Amino acid sequence: MPRKKPKVDTLEEIETGVKLFCDQSNNHMKVREYDKALFGYNQALELNGTDINALISRSKCYLLLGEASKALQDAETALGEEKNNIRAIYQKAESLYYLGQFEQSLMFFHRGLRARPELASFRLGVQKTQEAIENTIGTKPGPAPGAPTPGASAPKSGKSRGKSGEETTPRVRQKPSRADLERRNARKLLGELCVDKEYLEKLLLHPDLVRADTHTESISAYAREAVEFLNKRQEFWRQQRPCTALPNHKNLPHDAMPKWF
């Protein structure tokens, strides 16, 4: 008797299975069950590892779980399949933003804006990334001490006279350091939890912390775990509040992804 050929899934059956898993995961995403959603996307990509919709959806899920590196990898794989896919471009820009690679993120937001100028999500992405770059670099330097300001006559000297007639040296506004800017951003995002984070970070640097650790309880391990959790929360809230400094966008919904996604 001739042997029966093994059953091979047809392309149509694979596409149906991928769509079914993605639809189920999309429903989990709507109710914020991200772990269940990730499981479904993984199953879909086991059937077809190059399915663009599954790759982009899993990238979005990874971002919501705080796994920006994996989100970037899926976005790049999707772009390898379709280099002009607008959703993949947006997802790569977002992933780069949450990885702190603001210059590259800005480049991809501009790329998406050129392709689809009618989409407000790319304009918002450009604005929030430019703001992040300015916050990282610092404020623009003002005029040099003693230099005349536009529209005003140049002073005869770098000193001014107070009410008592004594000469006083004008105060120079110091440029905030990068650590100060990061601390301000952390306080905006974490609120009262920022105090706890700073305390735990200082605790980890304390020389007596090693002595406090015992065989049954490791305080340093708990502290590191708490700091890692707060860092992930900080990135999550940064994602939920992408551009708080822009008053004309305050009423926009703070979704991780735009509605057209």
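The values are calculated or read from the model by the stated rules, or taken from the named source; none is laboratory data. Computed from a predicted model, the values in this text were never measured in an experiment. Cβ atoms come from the backbone with ideal geometry, glycine included; neighbour counts cover every protein chain shown.
The residue list L72, L96, L106 contains one member that is closer than 23 Å to N27 by Cα and crowded, with 18+ Cβ neighbours inside 10 Å, which is L72.
None of Y90, Y97 is in contact with a Gly (Cβ under 6 Å, 6 or more places away or on another chain) and in the same structural domain as K19 (by TED's automatic domain parsing) except Y90. Taken over region 100-117, residues that are farther than 16 Å from R87 by Cβ and either among the charged types (D, E, K, R) or in contact with a Gly (Cβ under 7 Å, 6 or more places away or on another chain) (or both) amount to 1.
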